[in-house]
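To start, the structure under review is shown below, and the notes come after it.
The values are calculated or read from the model by the stated rules, or taken from the named source; none is laboratory data. None of the values given here were measured: they were computed from a predicted structure. When we count neighbours, we look across all protein chains shown, and the Cβ atoms used for this are built from the backbone with ideal geometry, even at glycine. Ligands, DNA and RNA are excluded from the accessible area calculation, which covers all protein heavy atoms including side chains. Shrake-Rupley method; radii C 1.70, N 1.55, O 1.52, S 1.80 Å.
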Amino acid sequence: MKVLITGGAGFIGTYTKELLKREGHEVVILDNLTTGSESNINEKDVFYKGDIHDLSVLDNETGINVIVHLAAQIQVPVSIEDPIYDMKQNIEGTLKVLEFAKKSKVKKVIFASSAAVYGDNDNLPIQEESKLKPMSPYGISKMTAEKYIETLCEINNIDYVILRYANVFGPKQSTRGEGGVIRIFYDALAEDQPPQIEGDGGQTRDFIYVEDIAKAHLYSLNTSSGVYNVSTNKEITINELCKIMIQEMEKNISPKHIEARKGDIYRSKLDNTKFITASGCKPSYSVEAGIRKMIKELE
Ligand SMILES: NC(=O)c1ccc[n+]([C@@H]2O[C@H](COP(=O)([O-])OP(=O)(O)OC[C@H]3O[C@@H](n4cnc5c(N)ncnc54)[C@H](O)[C@@H]3O)[C@@H](O)[C@H]2O)c1
């Protein structure tokens, strides 16, 4: 299949591109390199430096079957400081991608959504039908983009797979963004500095290794339209996470607690049953196995 990846020079996009190419798909990348990096692009990649707000750079790329839409503003704090910018990137930008999908007769759109759409929810693990109560403009923009995708894809007869990722981590991740805490802890420990835990550290997350997200994209090529959680369905506190990293990196350092961040959810664990049943795609890495692989690759 011919697959366009928006945001394909970013963290998740790079792993997705590599896997899709290994599996024999033809990949086209569009990225404006705001947070992505040219070093993630290699000579053999078909790469367009451009913005999702103006997809005319792709006018000569005919026959795109699927769009994996990853390009976005990904930082909760930025969305709080500048909600209009967040809206333009994540809502308006997604509408531009949908307009292109219609014009180019694309068959399917795969969208990177987030656990941020749920907000705080005591009923764990969170299922897809749970009430959406986003706590930040980022969560609102992802939720709204989802609704536009569902509605416009139904109207225009385009298949869609909306994936609500848990917190993603892996070697190419920067310290910005949603799942960045593992990389932030890594960077601190590598420099023999104490990792900084926001709040009491009792907050939990469901961490999924980036290669499992790339795999979810691959399987989504053959998954029916719908909204799916992609996670390990395991809840881990930030204190526990920090302990694992200190052990794995063989450091004798204690973490430091700092002020909690605004707009952050407290507990998170996503039920992944629906996606596993619909796609047959199960995560291959536990948090510990992912951390070990990440440390090995970064050393
Ligand atoms: N990393 C996580 O834990 C996580 C969790 C849930 C959802 N997501 C979603 O996954 C997607 C990918 O995130 P990531 O972690 O790889 O972040 P990233 O910042 O590494 O990737 C985003 C890419 O999009 C590009 N981009 C941004 N705005 C663009 C625009 N207007 N036009 C063209 N390109 C643009 C950036 O240059 C970057 O390469 C995002 O939609 C994010 O919201 C990530």
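Taking only DSSP H segments of four or more residues, each worth -39500 (n - 2.57), what value at 222 nm results for the chain once the sum is divided by all its residues, to the nearest 500 deg cm²/dmol? Let's see the in-between values first.
Values: 10 runs with 105 residues, N = 299.
Result for the chain: -10500 deg cm²/dmol, rounded to the nearest 500.
Using 1/(1 + (r/R0)^6) with R0 = 25 angstrom and r between the beta carbons of Ile80 and Gln196, what's the FRET efficiency to the nearest 0.05? Please list the in-between numbers first.
Values: r = 19 Å, r/R0 = 0.77.
Approximately 0.80, to the nearest 0.05.
With a 1.4 Å probe and all protein chains left in place, how much of the accessible area of segment 1-134 comes from carbon and sulfur atoms, in whole percent?
On the way: 2990 of 6230 Å².
Carbon with sulfur: 48 percent of the solvent-accessible area.
If you stretched the chain out fully between Asn222 and Glu250, how much longer would it get, using 0.36 nm times the residue separation minus the C-alpha to C-alpha distance?
Values: separation 28, 0.36 × 28 = 10.08 nm, distance 4.21 nm.
That works out to 5.9 nm of additional length.
Leaving out ligands and nucleic acids, note down the accessible area per residue over segment 73-140 with a 1.4 angstrom probe, in whole Å².
Details: 3240 Å² over 68 residues.
About 48 Å² of surface per residue is accessible.
Out of residues 5 or more away from Gly119 or on other chains, whose amide H comes under 5 Å of its own, with H placed 1.01 Å from N in the peptide plane?
Close amide H contacts, sequence-distant or interchain: Lys133, Met135.
Could you give the angle, 0 to 90 degrees to the nearest 10, between helix 137-156's Cα long axis and the longest principal axis of the Cα atoms of the chain?
In the chain, helix 137-156 runs at an angle near 30 degrees to the longest axis.
Scattering from the C-alpha atoms of segment 1-69 alone, worked out with Debye: what is log10 I(q)/I(0) at q = 0.17 1/Å?
-0.52
Tell me, what ³J(HN,Hα) does each residue in segment 246-257 have, in order and in whole Hz, if you take phi through Karplus 6.51 cos²θ - 1.76 cosθ + 1.60 with θ = phi - 60° and put x for Gly and Pro?
3J(HN,Hα) across segment 246-257, in whole Hz: 4, 5, 4, 8, 6, 10, 10, 10, 9, x, 10, 8.
Using only Cα atoms, what Kirkwood radius does segment 171-299 have, in angstroms? Mind dumping the intermediate values first?
On the way: mean 1/r = 0.0637 Å⁻¹.
After inverting the pairwise mean of 1/r, the radius is 15.7 Å.
Between His25 and Lys133, what's the calculated FRET efficiency when r is the beta-carbon distance and R0 is 35 Å? Round to 0.05.
On the way: r = 37 Å, r/R0 = 1.05.
Here the calculated transfer efficiency is 0.45.
With only alpha-carbon atoms in the gyration tensor, what are the semi-axes of the equivalent ellipsoid for the chain, in Å, largest first?
Values: eigenvalues 186, 88, 67 Å².
One finds semi-axes of 30, 21, 18 Å for the chain.
Given +1 on the Cβ of Lys and Arg, -1 on the Cβ of Asp and Glu, and no further charges, what dipole in debye does segment 3-117 carry about its Cα centre, rounded to the nearest 20?
Values: 12 positive and 16 negative charges, 105 e Å.
About 500 debye.
Out of residues 5 or more away from Lys282 or on other chains, whose amide H comes under 5 Å of its own, with H placed 1.01 Å from N in the peptide plane?
none
Please state the Cα pair-distance histogram of segment 39-79 with 10 angstrom bins from zero: what percent is in each bin?
All Cα pairs, binned at 10 Å, distribute as 18, 47, 28, 7 percent.
Enter the accessible area per residue of segment 193-299 (Å², integer; probe 1.4 Å; all protein chains in place). Walk me through the numbers before you get to the answer.
Numbers: 5190 Å² over 107 residues.
Using a 1.4 Å probe on heavy atoms only, each residue of segment 193-299 averages 48 Å².
With viscosity set to 1.306 mPa s and temperature to 10 °C, compute the Stokes-Einstein D of segment 77-192, Rh being the Kirkwood radius across alpha carbon pairs; µm²/s, no decimals.
Values: Rh = 15.7 Å.
Reported coefficient: 101 µm²/s.
Once phi is turned into θ = phi - 60°, what whole-Hz ³J(HN,Hα) does the Karplus curve with 6.51, -1.76 and 1.60 give for every residue of segment 13-26, x standing for Gly and Pro?
Coupling constants for segment 13-26: x, 5, 5, 5, 4, 4, 5, 4, 5, 4, 8, x, 8, 8 Hz.
Output ³J(HN,Hα) for segment 220-225: one whole-Hz value per residue in order, computed from phi by the Karplus curve 6.51 cos²θ - 1.76 cosθ + 1.60 with θ = phi - 60°, and x for Gly and Pro.
Each residue of segment 220-225 in turn: 5, 4, 10, 10, 5, 3 Hz.
Students often check this: by mean Cβ neighbours within 10 Å, which of 78-84, 269-275 ranks highest, and how do the rest follow?
Numbers: 78-84: 15.9, 269-275: 21.7.
Going from most to least packed, we get 269-275, 78-84.
Short version: what are the Cα gyration tensor semi-axes of segment 11-145, square root of 5 times each eigenvalue, largest first, in whole Å? Mind showing how you got there, number by number?
Working: eigenvalues 152, 56, 48 Å².
They are 28, 17, 15 Å, listed largest first.
For segment 164-211, report the translational diffusion coefficient in µm²/s to the nearest whole number, using Stokes-Einstein at 25 °C, 0.890 mPa s, and a Kirkwood Rh over Cα pairs. If you can, show how the numbers build up before the last one.
Details: Rh = 11.5 Å.
This corresponds to a translational diffusion coefficient of 213 µm²/s.
Using alpha carbons only, how many degrees (0 to 90, rounded to 10) separate the axis of helix 93-103 from the longest principal axis of the chain?
Once rounded, one gets 30 degrees.
Under the definition of Cα pairs under 8 Å and six or more residues apart, what whole-number percent is the relative contact order of segment 170-244? Don't skip to the answer; put the middle values down first.
Numbers: 55 pairs, mean separation 26.3, N = 75.
Relative contact order comes out at 35 percent.
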